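This report refers to the structure that appears directly beneath it.
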Amino acid sequence: MKPVFAFILTTGLLSSAACAAPYYLPSPQPGALTPYDMQPVYSIEGLCGIAAQSNEPDVWGPRLRFNLYSDAASSLRHQFSLNVAGLWGSKNQHLAGESYKTDVFLLPLTAGYEVNIALSEKTLFYFGGKAGYAWGRADGGYHSHSSGGFTWSGGLGLKYMPNERTYLSLGYEYASTDFSMHRHPSGGSSDFASHIISLGVGWQF
């Protein structure tokens, strides 16, 4: 009887200890998704756009971005973004022997995707594109009009991360918008295209 009683007592004590012990979730398996796989990063960029056509103005302005990055520990990071920019420009032009100045404003709203490849522990190379809708307005000379249309861009660049929560970026992109600063008799429009240099800073809260 004593061995049986000792066995029952020992089993009861072990069961009580197991019930009282905290329960830990098992570690995620490789490749499994966790709440840390997509990290929100906010960024602001200064844009300087050189017109692709000689009769169009150069533009400049800021761009705000909300980004979602995949796992920061990976050497290959996927990035999804929502972007809004304000671009201003002006150009002195000549028509029929007269000179006048045209001012242009563009407001592109885009969604983007980029691939970030780690070159070193603190440096990333990225490439990708954006697409969306842009509203624009042109004023000056004998015309003043506004319109909107499809916009897209593609580019590449470098990012440097001085710490885990901040990065600096330098990039190039070609951007095209279905908008013309000139009014067409047919009511149509042409692409407004620019070679854009971007310089930005991003941070994670």
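The values are calculated or read from the model by the stated rules, or taken from the named source; none is laboratory data. All values reported here derive from a predicted model rather than from experimental measurement. Reconstructed Cβ throughout: ideal geometry from the backbone, glycine too, with neighbour counts over all protein chains shown.
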Problem set entry | The lone exception for S54 - which of (1) out of contact with any Ser or Thr (no Cβ under 7 Å at 6 or more places or on another chain); (2) at pLDDT 90 or above it fails | (2)
For this session: Test each condition in (1) closer than 15 Å to I196 by Cβ; (2) in contact (Cβ under 8 Å) with a residue 60 or more places away in the chain for T102 and report the one that comes out false.
Result: (1)
For this session: Hey, can you tell me all the residues within segment 116-145 that are of a type in the set (S, T, Y) and without any contact (Cβ under 8 Å) to a residue 24 or more places away in the chain?
Result: S120, S144
Seminar exercise, completed: Taking segment 60-69 and keeping only residues that are buried (at least 16 other Cβ atoms within 10 Å of the Cβ) and at pLDDT below 95, one is left with N67, Y69
Seminar exercise, completed: For segment 99-154, the count of residues that are β-branched (V, I, T) and crowded, with 20+ Cβ neighbours inside 10 Å equals 4
For this session: Exactly one condition in (1) within 21 Å of the chain's Cα centre (by Cα); (2) at pLDDT below 95 is not met by E45; state its number.
Result: (2)
Exercise. Of all residues in segment 78-93, which are within 17 Å of I196 (Cα to Cα), surrounded by 15 or more Cβ atoms within 10 Å (Cβ to Cβ) and modelled with pLDDT of 95 or more?
Worked result: N83, A85, G86, L87
For this session: Of all residues in segment 37-56, count the ones that are over 26 Å from S176 (Cβ atoms) and assigned to a strand (DSSP E or B).
Result: 4
